[in-house]
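Written below as structure tokens is the structure these notes are about.
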Amino acid sequence: MGIVLRQTALNTTITYLGFILGAVNTLFLYTRVMSDAYFGLVGVLISTATLLMPVLSFGIPNTLVKYYSAYKERADLQPLLTLVLGVPLLIVIPLGVFSYFANSIIADFISGKNEIVADYVWHIFWIGLFMAYFEVFFAWSKVCLKSTLGTFFKEVFIRLGVSVLLLLLFFGVLTEAGFLNWLVFLYGIRVVLMAWHAMSLQPFHFRLALPDGFREVLQYTSLIILGGSISVVLLEIDRFMINQYIQIENVAYYTVAVFIATVIIVPFRSMNQIAYPLTASLMNSGDLEGLEKLYKRSSLTLLAITALIFIGILLNLQDFYLLLPESYRGGVSVVLFLGLVRLFDAFLGINTAILYNSRYYRTLLLMGVVLALMTILLNAWLIPILGLTGAAVATFISAGLYNLVKMLFVKWKFGLTPWSINSLKVFGIAGLTFLLFQWIVFPFHPVVNITLKSVLIAGVYLVALLKFKVSEDLIALFRKGFKK
């Protein structure tokens, strides 16, 4: 757990730096420098490219994580790495050709409600392609247990580049259309840098030969496309479908609320960068005792941290919205529903990693298909009725059910559960802290109110965690921090 905590701490720091930049971009620059329509267009392009990404990557990132530790000798790795780089082209090239000849049909489909989207079909394809190969090289670095620089490229690089582009837009150097062209270029530069880093950790030498167990690897890769697509559908389909049913400006308003809720999941994303390959290694070696220990401790640590962030956001939300333009202030219910989903994600810890690295991943994929279809149907039903809240409720129902099914399945097949008596303590402390501060309102500037209340909330919450000795890992981390 030591290496997990060390790299989680580094990854969390870098990820929060990225989220600070994201906050500046999403909450202050986009909302003031770019028109609502073009901000919504950016959201549609990124969400649609993200939906495309698992297909273009052909499930390779998960496959590399699963099988890397099984290839012990470096000579055995080169056929696998050659496969890793070449297989996505089996999808990329035919899809690129199809997009070229069917450009007008695709444009008509995605711009049915908002014509502005029609001119940016190729932006979606190239961003999706660059995202796909970035994830391949990021997985390459993660299996070497060196995820920190990759986390920087993933969480900070694009946001820093977007900040520069938005400032150029503000000063009239770029047009809004020019901004979108340079955005594609940013994603291209990022994948080149990530490839250089990955290959410096594990050199690549082209070797056109089938790796041992090729049939099993290819079968897993083919099926895992479905798993990656399901996860992305649950996270991204809402913004895509908002564009299909209501005006594109609403994607901008929804994006702001999604960003606020996403802050909750940062520690989970940071820990997964290193915990995922460790999970694969434990399962490959058959160490169920070590797996159970990692499962429970990762769940407890993540729950304790994310619960604090969640209640902090809810208790400061009204003050926070006062800092935004008035048109962006209607997302309280969206933040609540999406925040609950993110909290559940964190509570499950390495649950998904266990299933994807087990022989039961096919069953998980079938269940995921049902829930992904449910997500699409719920969005199609609720968005026209409830607008943005409908999209959030659809995600809450479908993602909540998906998480519940995964948790029960791991309990059934492995006898492992993420909860313990300390999990109940965390929920109790979080609930009491929320009740204590929900009636406290400070009469100062919103920034002062947020800062003051956040410090008080964090102080009470953390003291309670330490008092009741909820998490050994957190206690050790606090002690180390205090010594430094």
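The values are calculated or read from the model by the stated rules, or taken from the named source; none is laboratory data. Just so it is clear, the model here is predicted, and its values are computed rather than measured. Virtual Cβ from ideal backbone geometry, glycine too; neighbours counted across all protein chains shown. Surface areas here come from the heavy atoms of the whole protein model, side chains and all, with no ligands, DNA or RNA. Shrake-Rupley method; radii C 1.70, N 1.55, O 1.52, S 1.80 Å.
For n ≥ 4 DSSP H runs only, could you compute -39500 (n - 2.57) per run for the chain, divide by its residues and tell me the 222 nm figure to the nearest 500? Don't skip to the end; give the middle numbers.
Values: 22 runs with 383 residues, N = 484.
After summing the helix terms and dividing by the residues of the chain, the value is -26500 deg cm²/dmol.
Taking a 30 Å limit on the Cα-Cα distance, which of the listed pairs Lys146/Lys296; Lys142/Lys406; Lys66/Lys296; Lys406/Lys453 fall beyond it?
On the way: Lys146/Lys296 23 Å; Lys142/Lys406 24 Å; Lys66/Lys296 21 Å; Lys406/Lys453 36 Å.
Table pairs above 30 Å Cα-Cα are Lys406/Lys453.
Under a 1.4 angstrom probe, counting protein chains only, how are Glu115, Glu292, Glu155 ranked by accessible area, largest first? Display every interim value, and only then the final one.
Numbers: Glu115 160, Glu292 70, Glu155 5 Å².
Largest to smallest exposure gives the sequence Glu115, Glu292, Glu155.
Considering only Ile20, Gly96, Leu456, whose Cα is most displaced toward the positive end of the charge dipole of the chain, charges sitting on Cβ of Lys, Arg (+1) and Asp, Glu (-1)?
Comparing the listed Cα positions along the dipole, Leu456 ranks first.
Bin width 10 Å, origin at 0, all Cα-Cα pairs of region 65-192: what percent of pairs per bin?
Values per bin, smallest distances first: 11, 30, 31, 20, 7, 1.
Under the √(5λ) rule applied to the eigenvalues of the Cα gyration tensor, what semi-axes describe the equivalent ellipsoid of region 121-197? Give them in Å, descending.
The three semi-axes for region 121-197 are 26, 14, 7 Å.
With helices defined as uninterrupted DSSP H runs, which ones in the chain have an alpha carbon span along their own long axis of at least 30 Å and mean Kyte-Doolittle hydropathy of at least 1.6? Present the calculation step by step, with values, prior to reporting the outcome.
Details: long enough: 2-23 (31 Å, 1.02); 36-57 (31 Å, 1.55); 121-143 (34 Å, 1.27); 176-201 (38 Å, 1.21); 214-245 (43 Å, 0.78); 288-321 (46 Å, 0.85); 361-386 (35 Å, 1.92); 388-414 (39 Å, 1.09); 446-467 (31 Å, 1.66).
Those that pass (Cα extent of 30 Å or more, hydropathy at least 1.6) are 361-386, 446-467.
On full extension of the chain, what length is gained from Ser222 through Met374, given 0.36 nm per residue of separation minus the C-alpha to C-alpha distance?
Working: separation 152, 0.36 × 152 = 54.72 nm, distance 2.26 nm.
Taking 0.36 nm per residue and subtracting the Cα distance, the gain is 52.5 nm.
For region 34-139, what does the accessible surface come to per residue with a 1.4 Å probe? Please give it in Å².
Working: 4050 Å² over 106 residues.
On a per-residue basis, region 34-139 sits at 38 Å².
Mean projection of the alpha-carbon convex hull of region 163-259 over all orientations, in nm²?
Values: hull surface 41.1 nm².
Projected over every direction and averaged, the Cα hull of region 163-259 covers 10.3 nm².
Roughly to the nearest percent, how much of the accessible area of region 174-217 is carbon and sulfur, given a 1.4 Å probe?
Numbers: 1750 of 2600 Å².
Carbon and sulfur together cover 67 percent of it.
Let me spell out the model: positive unit charges on the Cβ of Lys and Arg, negative unit charges on the Cβ of Asp and Glu, origin at the Cα centre of the chain. What dipole size does that give, in debye rounded to 20? Intermediate results must be reported in sequence, preceding the final value.
Working: 33 positive and 22 negative charges, 337 e Å.
Around 1620 debye, computed over the chain.
Which of the three applies to region 210-359, rounded, prolate or oblate, going by the alpha-carbon gyration tensor with a ≥ b ≥ c and a/c under 1.5 meaning rounded? Before the final figure, lay out each step's value.
On the way: a/c = 3.90, a/b = 1.62, b/c = 2.41.
Because a/c hits 1.5 or more and a/b fails to exceed b/c, region 210-359 counts as oblate.
Could you give the size of the charge dipole of region 275-386 about its Cα centre, using +1 on the Cβ of each K and R and -1 on the Cβ of each D and E, expressed in debye and rounded to the nearest 20?
Details: 7 positive and 6 negative charges, 43 e Å.
Charge dipole, region 275-386, about its Cα centre: 200 debye, nearest 20.
Does region 351-459 come out rounded, prolate or oblate, given a ≥ b ≥ c as the square roots of the eigenvalues of its C-alpha gyration tensor, rounded meaning a/c under 1.5 and, failing that, prolate meaning a/b above b/c? All intermediate terms of the calculation are to be shown ahead of the outcome.
Working: a/c = 3.35, a/b = 1.47, b/c = 2.29.
The shape class here is oblate.
Express in % the proportion of alpha carbon pairs of region 233-312 at distances exceeding 21 Å. Could you put the intermediate results ahead of the total?
Details: 1575 of 3160 pairs.
That tail contains 50 percent of the Cα-Cα pairs.
Please list, or write none, the aspartates and glutamates whose alpha carbon is within less than 16 Å of the alpha carbon of Lys425, excluding same-chain residues fewer than 8 places away.
Hits, sequence-local ones excluded: Glu472, Asp473.
Hey, could you pull the Cα Rg and Dmax for region 286-393, both in Å?
Here Rg and the maximum Cα pair distance are 18.0, 55 Å.
Tell me the per residue accessible area of region 360-473 using a 1.4 Å probe; a whole number in Å² is fine. Let's see the in-between values first.
Details: 5950 Å² over 114 residues.
Using a 1.4 Å probe on heavy atoms only, each residue of region 360-473 averages 52 Å².
Send over the Kirkwood Rh of region 30-109, from the inverse of the averaged 1/r over different Cα pairs, rounded to one decimal Å. Please list the in-between numbers first.
Details: mean 1/r = 0.0639 Å⁻¹.
The Cα-based Kirkwood calculation yields 15.6 Å.
First compute the accessible area of region 360-484 with a 1.4 Å probe, then give the percent of it belonging to carbon and sulfur atoms.
76 percent
Please work out the ratio of the alpha-carbon Rg of region 294-336 to 2.2 N^0.38 Å and round it to two decimals.
Details: Rg = 14.3 Å, N = 43, 2.2 N^0.38 = 9.2 Å.
For region 294-336, the normalised Cα radius of gyration comes out at 1.56.
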